[in-house]
Amino acid sequence: MGENYEVIGKSVPRIDGVAKATGRAKYTGDLKFPNMLIGKILRSPHAHARILNIDTSEAEKLPGVKAVITHRDVPSTKYGLSPARWDQTIFCIDKVRFVGDKVAAVAAVDEETAYKALKLIKVDYEVLPAVFDPFEALKEGAPQIFEEYPGNINTEIHQHFGDVEKAFAEAYYVRRDRFSGQRAYHSPIEPHASIAFWEGPKVTLYSSNQSVHYLQYHIARVFGMPMGNVRVLKTHVGGGFGGKLDPTGLDFAAVRLSQITGRPVKMAFDRKEMFYNNRGRHAQYMELTTGVTKEGKILGVHANFVMDGGAYTGLGVASAYYAGALLTVLYDFDNYKFDMIRVVTNLPGCGAQRGHGQPQPRFAFESHLDHIAEDLGIDPLEIRIINARRPKTVTINDFKVDSYALKEALEKAREISGWREKKGKLPPGRGIGVGNGGFVSGAGYPCYRTDLPQAVAIIKVHDDGSMATLYTGAVEIGQGSDTILCQMAAEAMGYPLEKIRIVAGDTDLATHDFGAYASRQTLMSGWAVKKAGEEVKNKILQTAAEMMLVVPEQLDVKQGIVFLKAHPEESLTFEQVARTYFVKYGQLIGQGSYKPPKLGGTFKGAAVGTSPAYSAATQVAEVEIDEETGEIKVLEAWDVHDCGMVINPALLHGQVHGAFYMGMGESIWEEVLFDEKGDVANGNLAEYRMPTALDMPPVTSELVDSIDPNAPWGVKEVGEGATTPTMACLANAIYDAMGVRIESLPLTYEKVWRALKEKREKEKA
């Protein structure tokens with residue numbers, strides 16, 4: 001792939017690499033402004049309580065305190081990322097709903113004074129019964145957390161396609177299994193940070209976020225302002241993984257405190273507050289029932305899930321739908337029931353985390369499928385090949401899948417991992433496992449109801465043609481989108497990459513874009529960039545044709561040289577042509593936009609899971625288990641991805657390695673824990689165990705050929721799809737190594753040790 005292109009398909013260095021490697025890159029927390037104040041948030045010590053009174057008088061008297069705000073000082077407008085469930089306010093008005101909920105905020109001359117002020121705010125609470133378990137929350141008589149969610153049911157999904165019961169009746173074999181997945185935390189290196197300042201009626205907000213557009217929209221909506229009076233900028237972002245998509249109370253508080261004081265206000269979460277804000281992986285409880293033929297062909301599936309949503313919705317409605325919707329893309333079957341209840345509890349709210357609702361259901365179904373294969377005496381990899389979706393098909397829930405190379409990915413993974421030589425033939429304590437996954441290449445519909453395009457791009461060529469600037473609202477959060485989009489612009493224009501600059505993530509200077517989520521930017525922002533570049537190219541060719549007395553169809557432009565196709569030696573430089581264009585016609589500008597076609601069906605929730613294109617991924621892992629301690633060592637891993645055309649191979653393979661790392665952490669170690677009061681018990685990076693470099697195995701990243709007709713140059717996603725199979729392939733490898741299935745994540749050393757101990761005791765009995 002990429003051999004016929006000048007710029008794309010090449011492993012060029014990241015354009016922000018030097019700044020980040022040398023420490024010159026500035027993050028929001030690094031910024032300082034004259035007379036800047038420091039803001040901090042007062043948080044609830046109770047999981048569930050009624051607010052009776054808030055007395056801020058003593059805090060206001062403290063020298064150095066410039067403002068104290070509560071719900072009385074800010075709009076009461078509800079917000080949330082998903083319009084289906086707007087249930088948050090800037091500060092709690094009547095009740096707090098988890099330990100760490102937002103009650104008040106202060107702005108002071110320094111951090112020490114701000115913390116002292118927080119301690120002086122007196123809040124009278126009436127403590128209410130709390131509930132921390134979703135099944136307890138569903139019981140009759142359980143504490144009601146929201147009046148608008150009777151029975152503590154936040155979202156209820158019942159999607160039924162075909163006739164599952166008939167499929168089970170006709171099946172050769174039907175199996176039911178239950179699994180659970182834990183709460184996990186995104187763990188970006190950079191905590192959330194915001195700096196707000198006002199100039200007349202306009203507020204400027206620097207924020208570590210994944211979508212400047214969504215943040216601008218919500219700030220304007222909550223404060224009742226025109227969007228043009230809200231400028232949102234992101235500097236460098238030290239990781240997001242979905243956790244920096246939701247607007248936070250930190251952003252809103254900074255805006256209001258700055259408005260009151262007339263000074264810039266900087267606010268940042270400490271690490272414990274990051275856990276409170278969370279919006280990470282939901283705990284999920286998954287029951288799967290599947291009927292198959294004797295040969296292993298899936299006839300029908302019933303997925304019956306319960307999800308712990310925590311106290312607020314955020315993007316949780318989409319998480320609930322995603323948990324079940326995309327199973328139909330992976331495997332081809334005609335009968336499917338998906339039942340889901342998302343429950344509110346008195347814990348921090350959950351939302352989108354890399355793979356958005358998918359990794360845990362993939363762990364469950366891929367483990368379940370391994371059991372079925374074993375029961376039928378079929379090789380686990382072979383049963384996946386039998387059922388793998390083929391291209392140019394439509395799923396039972398109306399997702400159009402044009403390109404899809406899961407079968408080819410499975411076959412290549414089998415080859416490069418040595419599956420045939422290893423499966424069932426490794427020494428005791430060693431095992432090999434396989435798992436499948438994939439993801440959308442951009443959500444078919446935005447997070448709120450709008451007819452706006454998903455992405456817009458402008459390319460401006462400077463007057464002498466020596467440089468060009470790409471303007472986009474796409475957000476670089478470490479995934480390399482700035483570099484990728486510049487490569488796309490250069491390819492589309494026929495222009496040298498080194499002469500392109502990018503202005504991104506600034507609502508005043510850049511163009512409209514929904515940002516970094518759902519692995520959308522390479523396809524959706526890429527479409528807009530490609531169209532903008534092609535418009536520039538067409539203008540250059542038209543002008544050059546006038547200069548050379550030929551027709552545009554006789555010309556081409558590559559690497560900044562315009563030439564006759566039949567006689568390449570007859571040429572002009574891009575600069576010469578651009579200068580002529582500027583003199584004759586004015587500024588040389590190209591514009592492009594992208595809006596997906598209408599996608600999906602008409603049933604409730606049909607929009608969630610729609611995408612212009614779908615990736616597919618197969619992972620195989622080999623592990624070793626210490627039977628005395630339960631310690632798991634991942635020896636080696638292989639990832640084969642169907643991600644369409646590759647724009648930058650080095651960045652792509654880096655994404656795969658990072659995705660496997662994250663998935664491995666959630667598989668074996670990571671879990672957010674709570675004490676008996678509902679407070680986070682391990683809200684720091686010392687006690688929240690994550691993998692280190694020493695835990696990381698060699699990862700072989702390979703590709704299969706697949707070009708999607710709905711994407712610019714045929715691109716598809718890789719950043720999230722490579723996380724979705726990891727839990728499953730490791731769980732299956734561990735099962736292969738020890739002969740005992742652990743059905744709850746994470747697959748900790750202790751769980752492995754206990755399972756082995758129980759196995760030995762049963763064997764002795």
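Quick note: the coordinates plus some simple rules give every number you see, no bench work behind them. If you're wondering where the values come from, they're calculated on a predicted model, not measured in any experiment. Note that we place each Cβ from the backbone using ideal geometry, even for glycine, and neighbour counts take in every protein chain shown.
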At q = 0.07 1/Å the base-10 log of I(q)/I(0) from the Debye formula over the alpha-carbon atoms of the chain is -0.52
Expressed in µm² per second, the diffusion coefficient of the range 599-735 from the Stokes-Einstein equation, with Rh the Kirkwood radius over alpha carbon pairs, at 20 °C and 1.002 mPa s, is 125
Taking alpha-carbon centroids only, the range 128-205 lies from the range 296-353 a number of Å equal to 8
So, for the Cα atoms of the range 497-628, Rg and Dmax in Å stand at 22.5, 82
In whole angstrom, the spacing between the Cα centers of the range 224-272 and the range 576-631 equals 26
In whole Å, largest first, the alpha carbons of the range 667-765 cover along the principal axes 59, 40, 26
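Considering the convex hull of the alpha carbon atoms of the range 445-518, report its projected area averaged over all viewing directions, in nm², one decimal. Present the calculation step by step, with values, prior to reporting the outcome.
Values: hull surface 22.6 nm².
Across all orientations, the range 445-518 yields a mean hull projection of 5.6 nm².
Only Lys, Arg, Asp and Glu count, each charged at its Cβ (+1, +1, -1, -1), so figure out the dipole size of the range 662-763 about its Cα centre, rounded to 20 debye.
Value, rounded to 20: 400 debye.
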Of the convex hull drawn through the C-alpha atoms of the range 666-707, the volume per residue in Å³ is 136
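For the range 388-509, what percent of Cα pairs sit more than 20 Å apart?
Values: 4918 of 7381 pairs.
Here the tail beyond 20 Å accounts for 67 percent of pairs.
Expressed in nm², what is the orientationally averaged projection area of the convex hull enclosing the Cα positions of the range 329-370?
On the way: hull surface 17.2 nm².
So the Cα hull casts an average projection of 4.3 nm².
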Taking only the alpha-carbon positions of the range 94-210 as identical scatterers, the Debye log10 I(q)/I(0) at q = 0.22 Å⁻¹ comes out as -1.30
Kirkwood calc, the range 1-113, C-alpha pairs only, radius in angstrom 18.4
A convex hull over the alpha carbons of the range 634-685 yields, per residue, a volume in Å³ of 131
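Can you compute the helix-only [θ] at 222 nm over the chain? Use -39500 (n - 2.57) per DSSP H run of at least 4 residues, normalise by all residues, nearest 500 deg cm²/dmol. It would help to have the intermediate numbers written out before the result.
On the way: 20 runs with 217 residues, N = 765.
Taking each H run of at least 4 residues, the total per residue is -8500 deg cm²/dmol.
Over the chain, calculate the relative contact order: mean separation of alpha carbon pairs under 8 Å at least 6 apart, over the residue count, as a percent.
Values: 1963 pairs, mean separation 121.1, N = 765.
RCO, the chain: 16 percent.
Quick check on the range 273-359: what are the equivalent-ellipsoid semi-axes from the Cα gyration tensor, as sqrt(5λ), descending, whole Å?
Working: eigenvalues 176, 28, 16 Å².
Equivalent-ellipsoid dimensions as semi-axes: 30, 12, 9 Å.
Considering every Cα-Cα pair within the range 177-242, what fraction, in whole percent, is farther apart than 18 Å? Could you put the intermediate results ahead of the total?
Values: 1008 of 2145 pairs.
For the range 177-242, the share of Cα pairs beyond 18 Å comes to 47 percent.
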In terms of the charge dipole of the chain, which places +1 on Lys and Arg and -1 on Asp and Glu at the beta carbon, the residue among Q576, A142, P552 farthest towards the positive end is Q576
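Can you pull the Kirkwood radius for the range 76-160, inverse mean 1/r over Cα pairs, to one decimal in Å?
Details: mean 1/r = 0.0631 Å⁻¹.
Evaluated on the range 76-160, it is 15.8 Å.
Just list whichever of K412/K530; K116/K677; K337/K633 have alpha carbons separated by over 30 Å in the model shown. Please list the in-between numbers first.
Details: K412/K530 32 Å; K116/K677 25 Å; K337/K633 37 Å.
Violating the 30 Å Cα-Cα cut-off are K412/K530; K337/K633.
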